[in-house]
1. Assess whether L164 counts as being more than 23 Å from G398 (Cα to Cα) and part of a helix (DSSP H, G or I).
2. State which residue is nearest to C103 (Cα to Cα) when the search covers only the stretch 61-76 and only residues that are more than 16 Å from the ligand (Cβ to nearest atom) and without any contact (Cβ under 8 Å) to a residue 60 or more places away in the chain.
3. Cβ-Cβ under 8 Å, sequence separation 6+ or interchain: first residue in the stretch 245-269 and of a type in the set (K, R), partner modelled with pLDDT under 85 and assigned to a helix (DSSP H, G or I). Which pairs?
4. Hey, D140 hits all of (1) within 16 Å of the ligand (Cβ to nearest atom); (2) surrounded by fewer than 20 Cβ atoms within 10 Å (Cβ to Cβ) but one; which does it fall short on?
5. Suppose we filter the stretch 276-324 for residues that are touching a helix residue (DSSP H, G or I) at 6+ places or on another chain (Cβ under 9 Å) and not in a helix (DSSP H, G or I); how many remain?
6. Could you grab me the full set of residues in the stretch 281-301 that are crowded, with 20+ Cβ neighbours inside 10 Å and more than 23 Å from E225 (Cβ to Cβ)?
7. Inside the stretch 219-243, can you point out the residues that are assigned to a helix (DSSP H, G or I) and small (G, A, S)?
8. Looking at (1) aliphatic (A, V, I, L, M); (2) closer than 25 Å to K118 by Cα; (3) not assigned by TED's automatic domain parsing to the domain that holds F235, which one does I291 not meet, given that it meets all the others?
Amino acid sequence: MPPKRAAPSSSAASKAPAKKSRPSTKGTGAENAAALEPARDPRWASLSGSANADMNYKITMSNPVEAYSFTLLCQPPLPNGDEDDEEDEDEEPKQRCDGGKTCLCSKPAADHPDHPWKLSVAGKTKYFIQHTQCDLRDPDNFEMYTFNDHMAYGVLEVIQNLFLDYQNAGDNVKEQCAVCEALGLLLASRRGMEMSMIDDGELFEQTLLLVGRLFLSMLARLERENLLSKDSKIFNLGTIMAIYMMIPAQNEDGFQATPRKESIGPKKDGKNWRPSEFPSYILAYARKYDIKLVGPHNIEELVSEAEQDVDLPVPESNTGAKADPFGFEKALKAYSTRYKGVMQFLSKRKKAGKTAIGGDALDITTWTPAERKAFAFKGKDPLGAKEIAALKQGSVLGMR
Ligand SMILES: [Zn+2]
């Protein structure tokens, strides 16, 4: 499907006010716009749908009270085996989602404590934006054929960007939680599963191991900040923890290379773990703090498959800036060194991308018209002058 319109799509992200309409109280409009505009991340190309989507997120989520409040989704945002339910006529018919008119969507989470599908507004918005990010990396949407697995590597590029977002949000625990929501949901979604199509099993596996490590480092931080509890201010802990337990199940064979045991920080405690066992550690945190794992249809099975008895790090041993017992930063650095430039190489363009991992080399809107034309079915740039002008103005390309 070719990109039909460059106008803001119906996603929440596009509700951000356009640059010109933002309030200007004093001084020149330009000065104010510069002051209000969130920083543009250096990982993006100068013309990039990814950058626009990211900027839209930052602008839409600029009010922290709103961004970190919790909202409901009436249906799980995942394929969760419910295909079976649809055939099961005896079950009570499910209420259709009507975008919040009568369904639970966007209702205040506090009014429905037992509904498992709660997300922070930031996490939900970020999750939907990741689908836009994936769409921008799907040559089918542009009526192009580039190379095998472009889409699958595109999903990987999106996931790598979420690693960087998590790292960048280091000062803001709530934003780190929002990144975790988006990352976990994306990986569990149909779109996220397309990443398993890449032809590099090691890169796939190392990426999932880093996901597990990222999430454990999040849990360890929440524990240190007394946010890990049954009645935590992070209302959806039980759901998000359960989603991360689903992740290794994507690969039916499990992890091929069993990673070596390594120290779970700090060394003086003498504890060890294997990064591939991350679901067991998630389960251990849930048990330690009496957090009910809810959401995925197969959660009981996931729990029974996990190692039941693992030794969690001691939070008191892990204080200060380098407190992460699971060593996410160090692992991210090693991963970046190992896999830098892969996306740029795959995109077949000489001047692609800016960062070691992540970025937007596979985002087709960052390609030049000539580069797109060379791979287009119809032999012309699938983006018209209108779409390119809209991209320059910061619009998010709508694909549907
Ligand atoms: Zn709904």
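1. Yes.
2. S69
3. Sorted first by the residue in the stretch 245-269, then by its partner, the pairs are K268/S317.
4. (1)
5. Counting residues in the stretch 276-324 that are touching a helix residue (DSSP H, G or I) at 6+ places or on another chain (Cβ under 9 Å) and not in a helix (DSSP H, G or I) gives 23.
6. Matches in the stretch 281-301: G295, P296, I299.
7. A220, G238, A242
8. Answer for I291: the failing condition is (3).
The values are calculated or read from the model by the stated rules, or taken from the named source; none is laboratory data. As the structure is a computational prediction, the values presented were derived from the model and not from experiment. Quick reminder, even Gly has a Cβ in these numbers, built from the backbone with ideal geometry, and neighbours come from all protein chains shown.
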